[in-house]
Amino acid sequence: MKPTPYKRILLKLSGEALMGKLSFGIDADMLSFVAQEIKETHQTGVEIAVVVGGGNIFRGVKASSFGMERTSADHMGMLATVINSLALQDALEKTGIATRVQTAISMHEVAEPYILRRALRHLDKGRVVIFAAGTGNPYFTTDTAAVLRAQEIHAQVLLKATKVDGLYDADPVTHPEANFIETITYMQVLERQLKVMDMTAISLAMDNNLPLVVFSLKQGGNIIKVARGERVGTLISN
């Protein structure tokens, strides 16, 4: 099997990615597809951590926009990420991959608390670790949580799986003439205010020189291709 250039990666999944063809919640077929994609990559020997969003169930920012107190709304969004993480854990374990969920908010009956040394131990033992509940703090997105956890576990790259195949200089849905961006710097993303991740996440990745790869989850085999160092999607780096 072809060796991969990365020993350890962090995969960021949006909650919306788990909806599949549904308008809300978790699509069982999509969940199985994602689990299989992770399994195939894991079998190459790559250590994998995952951060899952919660937008398919509840989005704190949206709730706060119609009057809910932001801290309460964000805490509800964190709980939504736990639901998604437990679902992904179940799907992964059905494929035979040992998986652990760690949460930034203590809930010992359903998942481990986030403890860095324990997470590193799981990764060393070949388990997939899913980080839930974001950073545990309101006003921070799961994108920022993904960059933070990637830095803490010394991941060599952050893979952001989305519904589109990478970055464009305009919205390709409303601007068919939009040009695809193959490589771009963190500063260019910030200056052009491209909405690939929130500005805090991009700044944190830039400060720590963490490469980001944005690609489509819908295309089977993309995760393993990125892990192998193949050019897929958009690379954001210095």
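Considering only residues that are aliphatic (A, V, I, L, M) and under 20 Å from LEU204 (Cβ atoms), look in the range 130-149 and name the one that is nearest to the chain's Cα centre (by Cα).
Only one residue tops the list, namely ALA146.
For (1) more than 25 Å from THR41 (Cα to Cα); (2) surrounded by fewer than 17 Cβ atoms within 10 Å (Cβ to Cβ); (3) of a type in the set (S, T, N, Q), each residue gets a yes or a no:
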{"site": "GLU112", "(1), (2), (3)": "no, no, no"}
{"site": "ARG118", "(1), (2), (3)": "no, yes, no"}
{"site": "LYS125", "(1), (2), (3)": "no, yes, no"}
{"site": "ILE153", "(1), (2), (3)": "no, no, no"}
{"site": "ASP165", "(1), (2), (3)": "no, no, no"}
{"site": "ALA178", "(1), (2), (3)": "yes, yes, no"}
{"site": "ASP198", "(1), (2), (3)": "yes, yes, no"}
{"site": "LYS218", "(1), (2), (3)": "no, yes, no"}
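For ALA146, indicate whether it is of a type in the set (Gly, Ala, Ser), within 25 Å of PRO5 (Cβ to Cβ), crowded, with 20+ Cβ neighbours inside 10 Å and at pLDDT 95 or above.
On the way: of a type in the set (Gly, Ala, Ser): yes; within 25 Å of PRO5 (Cβ to Cβ): yes; crowded, with 20+ Cβ neighbours inside 10 Å: yes; at pLDDT 95 or above: yes.
The answer is yes for ALA146.
I'm trying to understand the selection: among the residues of the range 187-218, which are of a type in the set (A, V, I, L, M), in contact (Cβ under 8 Å) with a residue 60 or more places away in the chain and out of contact with any strand residue (DSSP E or B) (no Cβ under 8 Å at 6 or more places or on another chain)?
Within the range 187-218, ALA201, LEU204 qualify.
Of the residues in the range 80-114, how many are out of contact with any Leu (no Cβ under 8 Å at 6 or more places or on another chain) and under 15 Å from ALA146 (Cα atoms)?
The number of residues fulfilling the criteria is 7.
The values are calculated or read from the model by the stated rules, or taken from the named source; none is laboratory data. As the structure is a computational prediction, the values presented were derived from the model and not from experiment. All Cβ positions, glycine included, derive from the backbone under ideal geometry; neighbour counts span all protein chains shown.
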